[in-house]
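Working notes, beginning with the structure itself.
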Amino acid sequence: MAKTQYSLSDDPKLLGRPRAFKITVRQVRVSAGAGFIVALTGQIMTLPGLPKRPAAEKIDVDASGRITGLF
C-alpha cells in the first residue's frame, strides 16, 4: 500500500497510529513485472519504474576519450 509516511491512515493530519480510522483507496495499480498490485491512498507520489535496459549501457568512450551516450 502506498500512503502518507506520517500516519498509518491516508490522512496526513492523523499522525502516528490513529484509532478507528478508515482508509480510502483512490487507485489500484498492477506491477506485473514485480508480481503484485499497489493500492494508492491519500496524496502520495510514486517513483517511476526502471527501464528494461539501463541508460548506462548506452554510454561509451572512444579511443580519443570522447564520451557518447550521455543524456
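The values are calculated or read from the model by the stated rules, or taken from the named source; none is laboratory data. As the structure is a prediction and not an experimental result, all values here were calculated from the model. Virtual Cβ from ideal backbone geometry, glycine too; neighbours counted across all protein chains shown.
The set of residues from the stretch 31-42 being of a type outside the set (Ser, Thr, Tyr) and closer than 24 Å to Ser7 by Cα comprises Phe36, Ile37, Val38, Ala39, Leu40, Gly42. Could you count how many residues in the stretch 18-42 are surrounded by 11 or more Cβ atoms within 10 Å (Cβ to Cβ) and modelled with pLDDT under 80? Counting residues in the stretch 18-42 that are surrounded by 11 or more Cβ atoms within 10 Å (Cβ to Cβ) and modelled with pLDDT under 80 gives 1.
Entry remark, the stretch 34-71: residues being farther than 30 Å from Pro12 by Cα and among the small types (Gly, Ala, Ser) number 6 in total. Scanning the stretch 28-62 for residues that are in contact (Cβ under 8 Å) with a residue 12 or more places away in the chain and of a type in the set (A, V, I, L, M) yields Val28, Val38, Ala39, Leu40, Ile44, Ala55. Scanning the stretch 38-62 for residues that are hydroxyl-bearing (Ser, Thr, Tyr) and not in a loop (DSSP other than H, G, I, E, B) returns a single hit, Thr41. The set of residues in the stretch 47-67 that are of a type in the set (Val, Ile, Thr) and exposed (fewer than 11 other Cβ atoms within 10 Å of the Cβ) comprises Val61, Ile67.
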